[in-house]
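A short write-up of the structure that comes next.
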Amino acid sequence: MSSPDPFPGSEPEPLRWNGHPKGSAAYTRILAGLSFAGVATFAQLYSTQAVLPLLAADLKITAAEAALTISLATVGLAVTVIPWSFLADRIGRVKAMTWGISIATVLGLLVPLASSFGMLLGLRLLEGMALGGIPAIAIAYLNEEVTRAHAAVAAGSYVAGTTLGGLAGRLVAGPAGELWGWRAAALSVSILATLAAVAFLLLVPRAQGFVAAQASGLRGAVATLARHLRNIRLLALYVQAFLMMGGFVAVYNYLGFRLSGAPFGLPATVISLIFLAYLSGTFTSRWAAGLTLRFGRRTILLAGLALAVAGLALTLTPSLPVILAGLVVFTGGFFAAHSIGAGWTGAIASTGRAQAASLYNLAYYLGSSVLGWAGGLLFQSFGWSALAGAVMALAVLTAATVAVVNPRDPLAATN
């Protein structure tokens, strides 16, 4: 005979999901799977960046026009991250990421077949729209599936994977472009992205922390977004994303043009090696995330921005070794700050995390599209010093915004 229920009519409270702990098999699979998703996404998103001078020469267009192949892809991503986040709330994070990455790889394989510059831009726009199903959803998925104590570390690991994706795509594109042209470069990157997408599909475990949201309609969607936009701390992170990503992409878009001209005259294959600087971001994104447990997110984010400014200042010199060293420092600082900002959105937003992360990504890729392209106008008119100086000013403005808005509490890593 069972013992009587001390609270007649009550039901046992369901166990609360706390996430996979660091070191578990599922935790490892999540990070590995999302790292491959980062490779597939960012190899494709910036697949033409390493061969922009070749593309401009072949199609007889200007540097700023060639950079539109990057800007339109990031515009496509920016305008779809929010719709993708609402879709993911209904059908699940993993299913939404699967749809996005699969569509993007098919479109990527079509890019080398573009018969005109207009068609190329159209395919790049659609490719970016499909890729919008990865970045914001990945961060929301991490915050739901891993323990809260290790969410920042997991986000840093994901960002490290995105740096490897960007690096791999550019290192593949540069030599392939010099040997066989920019179309072969784009095809090579698309094949790489396809293999990474397959690895993601095989590795990523099913979600356990996801609870499907009821359709709230347009009014509910607007209310969710408005709530995030009224949060001053989230707004500061969105400003950081817009300004710093815009400056980062501008630096990488046009440094290749500077190094291909006098007095350096470097070939495309050698120029593609500058993207090895991304390895510093692979290291700093994980290292910075780990340091938040000791010093808090605010301190580490500001330190990353300071590193970025110092590195960019070194690129003002006429010495190639110093320029390259500066690029390494700049890249490391940028990704340290970005890994903190991307993961922080999920910690600040108690509800609507996918939408909070989507707004971060919207700002991030709008900055890439707008400032990444506009930097070309500055570079063409006034040279590298003007462009680098403008990006340093954006970093200082970003640091001031973050410092003023966020509380100074080095021990509150989750604040």
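The values are calculated or read from the model by the stated rules, or taken from the named source; none is laboratory data. In this text, all values refer to a predicted model and were calculated from it rather than measured experimentally. Counting neighbours? That spans all protein chains shown, and the Cβs are built from the backbone with ideal geometry, glycine included. Surface accessibility is based on the protein's heavy atoms, side chains included, excluding ligands, DNA and RNA. Shrake-Rupley method; radii C 1.70, N 1.55, O 1.52, S 1.80 Å.
Here are the numbers:
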quantity	calculated
Residue that is under 25 Å from L52 (Cα atoms) and touching a His at 6+ places or on another chain (Cβ under 7 Å), where the choices are V106, V172, V159	V159
Candidates L312, L307, L293 - the one that is touching a residue at least 24 places away in the same chain (Cβ under 8 Å) and more than 30 Å from N231 (Cα to Cα)	L312
All positions within region 185-195 that are aliphatic (A, V, I, L, M), out of contact with any Gly (no Cβ under 7 Å at 6 or more places or on another chain) and either at positive phi or open to solvent by less than 50 Å² (accessible area, probe 1.4 Å) (or both)	A186
Criterion: touching an Asp or Glu at 6+ places or on another chain (Cβ under 9 Å) and more than 26 Å from V51 (Cα to Cα) - qualifying residue of R294, R298	R298
Positions within region 64-90 being surrounded by fewer than 22 Cβ atoms within 10 Å (Cβ to Cβ), at pLDDT below 85 and more than 16 Å from the chain's Cα centre (by Cα), in sequence order	A64, F86, R90
Helices (runs of 4 or more DSSP H) completely within region 315-415 that count 3 or more residues being small (G, A, S), in contact with a Gly (Cβ under 8 Å, 6 or more places away or on another chain) and farther than 25 Å from A151 by Cα	353-382
Number of the exception - A289 against (1) open to solvent by less than 10 Å² (accessible area, probe 1.4 Å); (2) within 26 Å of S71 (Cα to Cα); (3) at pLDDT below 85; (4) aliphatic (A, V, I, L, M)	(2)
Residue match in region 202-217 (condition: modelled with pLDDT of 90 or more and surrounded by fewer than 16 Cβ atoms within 10 Å (Cβ to Cβ))	yes
Among residues of region 221-241, those that are open to solvent by 10 Å² or more (accessible area, probe 1.4 Å), touching a Ser or Thr at 6+ places or on another chain (Cβ under 9 Å) and at pLDDT 85 or above, counted	3
Hits in region 242-275 (condition: out of contact with any Ser or Thr (no Cβ under 7 Å at 6 or more places or on another chain) and among the β-branched types (V, I, T))	V251, T269, V270, I274
